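Before any comments, here is the structure.
The values are calculated or read from the model by the stated rules, or taken from the named source; none is laboratory data. None of these values were measured; they are calculated from a predicted model. Backbone-built Cβ (ideal geometry, glycine too); neighbour counts: all protein chains shown. Remember, those area values only see protein heavy atoms, side chains included, never the ligands or the DNA or RNA. Shrake-Rupley method; radii C 1.70, N 1.55, O 1.52, S 1.80 Å.
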Amino acid sequence: MNTSSVSPRSDTRSPGAVLSDLAAARRRVAAAEADVLHALARMDAIAAEQTARVPSSAGREREMPLRAIAAEVGAVLQRSDRVMQDRLHHATVLVTGFAATVGALRAGRIDMGHVRLIQDAGARIADPEARARFEQAALVVCERETPGRAKPIIAMIAQKLHPVPLEERHTDAATGRRVWVRDLDDGMAELAAVLPAVLAYAIRDRLTEYAREITTARRKAAAEASAAGHRGTGAGAGARGDDGASVDGAEATPPDPAEVVATDTRTTDQVRADVLTDLLLTGGATAPATTGAVADGGAITAQVQVIIPLDTLTGTGTAPAELIGYGPIDPDTARRLAATAELWERIFVSPTTGAVQSVDTYRPSAAQRRHLDARDEHCRFIGCRRPARHCDHDHTHDAAHGGPTALCNLANLCTRHHPMKHATAWCVIQKPHGILEWTSPTGRVYPDIPRRVLEFTALATATAFEPPPF
């Protein structure tokens, strides 16, 4: 059915039919993207053939074949020729260096977001055999996860299969840390920094915690101001003139700091930016009475979650640790963080599936919650990445209907997807190894696999993969 000219309101297709058409359209788009890559790679090859016919001593003339072809490709695609020169090169890299990825794109199993992830992570692996193993493992992940969820898993796979230890590469990369400013319009500028990932994530977490404190104070002050307004000030309240002084000549009282906080209309991003400025220029966040930020000297501690293999923790191994939400970090950084941690948790994983089997700690705590947070890491609804520490521990089979409070019946769901599970036709069952199987209102089934099980499966695929003999 051709629905391109049909009004959405007059379209008679069922939700299931629309979703089937949407899935088919996605596959066609992916196949078309693969065709574009092959066409661009062929044009790049033609440019290389033409360049080879120009004498090597011709200098600038050797640039002209590629520039001419990039200009014509740009005219066809309505892009600049400079942009197309880069795209021609990237298409050649993908078609020749990541053939399996382009094949999966053509088959509609992944999309261009996944392709960019695989190319970015795999480009750092120079060894062809190691890169081929990485590509096979990455495709296992990308065919099951959104690009956002796949990114940290693919980064870990790339680090584990990279022939050069992460510790050596991190040492070299850390020498490039820097801060710079880029001018913007309208009196603005962009402040940027390249830092070790643990520090960058800790800085953002601390800014977010400040923003959360400020938002909480603002809501409380607004509620108190609203309650005071409803009560009224009574007949004895003095009127004020335009200059702020009371009509009867009495001195105008300064505004209550709580009133200032209550009128704060900044967004969370704006609060983060303001707190960053306060901390860097004054050494502490400014007081509520001036900008609505947290009080001077307010103690906010950044939090990051790091998973460290036992051999790495004891110094006998060099496997990378993992910063949750980012990916691999070097062993030395991980060990320094572990040395200052107030709480260590041990996570035992299955040697055959990679699934989390149990979690314990030296301090008494809620063992089930620790296990769930270690297993899930984030909300377990399809594609959601909200950290587990901001999620609810939901009973897969409702406790009110006899569902047990057991690991096989619990999962992390965020405040967006937890209510949706109960208030809509979405439903979920839990299978072994923490795998959740979601069923949509139209009957489609979407498995959500814990990232460690998925990563283990992907790496097992890479280990079993035999690269072609050429």
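Just one of the numbered conditions (1) at pLDDT 80 or above; (2) farther than 30 Å from Pro128 by Cβ; (3) open to solvent by less than 60 Å² (accessible area, probe 1.4 Å) is not true of Arg177: (3). Can you tell me which of Arg369, Arg385 is in a loop (DSSP other than H, G, I, E, B) and open to solvent by 70 Å² or more (accessible area, probe 1.4 Å)? On inspection, the qualifying residue turns out to be Arg385. Filtering segment 429-439 for residues that are in contact with a His (Cβ under 9 Å, 6 or more places away or on another chain), surrounded by 16 or more Cβ atoms within 10 Å (Cβ to Cβ) and farther than 30 Å from Ala130 by Cα leaves a non-empty set. Taken together, Ala23, Ala41, Ala70 contain a single residue that is loosely packed, with under 14 Cβ neighbours inside 10 Å and either in a helix (DSSP H, G or I) or at pLDDT 90 or above (or both), which is Ala23.
Just to be sure before I move on: is Ala75 open to solvent by 60 Å² or more (accessible area, probe 1.4 Å) and more than 18 Å from Gln119 (Cβ to Cβ) in the structure I sent? It is true that Ala75 is open to solvent by 60 Å² or more (accessible area, probe 1.4 Å) and more than 18 Å from Gln119 (Cβ to Cβ). Taken over segment 141-178, the criterion of being closer than 13 Å to Ala319 by Cα and acidic (Asp, Glu) is satisfied by Glu167, Glu168. The criterion of being modelled with pLDDT of 80 or more and assigned to a loop (DSSP other than H, G, I, E, B) does not hold for Thr312. Gly187 passes every criterion in (1) of a type in the set (Gly, Ala, Ser); (2) in contact with a Ser or Thr (Cβ under 8 Å, 6 or more places away or on another chain); (3) over 27 Å from Phe456 (Cβ atoms) apart from (2).
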